[in-house]
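This report concerns only the one structure given below.
What follows draws every value from the coordinates through simple rules; no lab data is involved. In this text, all values refer to a predicted model and were calculated from it rather than measured experimentally. With ideal geometry, Cβ positions are generated from the backbone for all residues, glycine too; neighbour counts draw on all protein chains shown.
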Amino acid sequence: MFSLKGTKAVVLGVANDQSIAWGIAKALHTQGAEVAITYLNEKAEPHVRALAEQINALIVMPLNVRDPDQPRALFDEITRRWGRLDTLVHSIAFAPSKDLHGRVIDTSPEGFGLAMDISVHSFLRMIHLAEPLMEQGGTCMTVSFLGSTRVVENYNVMGPVKAALEASVRYAATELGPKGISVHALSPGPLKTRAASGLSEFDALLEHAAARAPTHHLATIEDVGAYAAFLASREAYNVTGGIHLIDGGYNIVG
């Protein structure tokens, strides 16, 4: 029904073959996009480069969003090689372990600020860098979770952080809509990813979600990828500012 042939995309946050970012990168590639991906550090590099080969990614670069030089280097390379960008995918989140596993009201100022900077403001910084490359319009996406709008046990400080991320999506969508740039948050239910496994009692959360969802199936990285690929297409040009729930209907049953 749609094709991404000829489009250029960058996917930030690929860690391994179970990460949401990888599911999205695969789907964009399958639909015809040329995809660039990033890795966090030297430890992650071999794993990500092996995945990059599977999708013929020619741009594979380090990206620690706390290092101001690395984002600039990435977008300079995209400019040099492609001269434009159609799709930006941001799948990056972090909170210090002590703050993540404690009560929200006990979160340290430093931990709260770090979680907000990496998980929220880095998305805005990446959009800022991508905007000049999207003169013909484009799509920017990030990844959220239901804990942004309701209390999910053990999600803790990431709830307020994801709420801020979703508010940022709405404001960015409003500001960039006149330029034909859409902004979205993808909100899958609980997924078996390495990052999510850092939450306390995560296996119990998975079991509860599968039991309660109308479909009785957890979302997969392939589900998220398919949805993201559609949002990146021209057919979705008039869709923006949404928080897209991809969770088998888990969000409707409480």
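For a quick check, take a GNM of the chain with Cα springs below 10 Å and name the residue from Gly113, Gly138, Gly23 with the largest mean-square fluctuation.
Gly113
For the chain, modelled as a Gaussian network with Cα springs under 10 Å, which listed residue fluctuates most, Pro160, Pro109, Pro190?
The residue with the greatest mean-square fluctuation here is Pro109.
Most mobile of Glu175, Glu42, Glu207 per a Gaussian network model of the chain (Cα springs, under 10 Å)?
Of Glu175, Glu42, Glu207, the Gaussian network model singles out Glu42 as fluctuating most.
Does anyone have the angle between helix 202-212 and the longest principal axis of the chain? Alpha-carbon axes, 0 to 90°, nearest 10?
90 degrees
How high is the relative contact order of the chain, in percent, counting Cα pairs under 8 Å that sit 6 or more residues apart?
Relative contact order comes out at 21 percent.
Just report the Cα centroid separation between the stretch 1-27 and the stretch 199-239, whole Å.
15 Å
Using Cα pairs under 8 angstrom and six or more residues apart, how large is the relative contact order of the stretch 1-79, in percent?
Normalised by residue count, the contact order of the stretch 1-79 is 27 percent.
List the lysines whose Cα lies under 22 Å from the Cα of Lys179, skipping any in the same chain that are fewer than 8 positions away.
Candidates past the 8-residue exclusion: Lys5, Lys8.
As an exercise, identify the trypsin sites (Lys or Arg not before Pro) in the stretch 1-44 lying in DSSP coil whose Cβ has no more than 10 other Cβ atoms within 10 Å.
Loop-located and lightly packed - Lys5, Lys43.
Treating cross-link reach as a plain straight distance, find the aspartates and glutamates whose alpha-carbon is under 13 Å from the alpha-carbon of Lys98, omitting any fewer than eight places away in the same chain.
Asp106, Glu110
How much of the DSSP bridge set in the stretch 1-113 is antiparallel, in percent, rounded to the nearest 5?
0 percent
Can you pull the Kirkwood radius for the chain, inverse mean 1/r over Cα pairs, to one decimal in Å?
18.3 Å is the Kirkwood radius here.
Between the stretch 37-96 and the stretch 140-189, what is the C-alpha centre distance in whole Å?
21 Å
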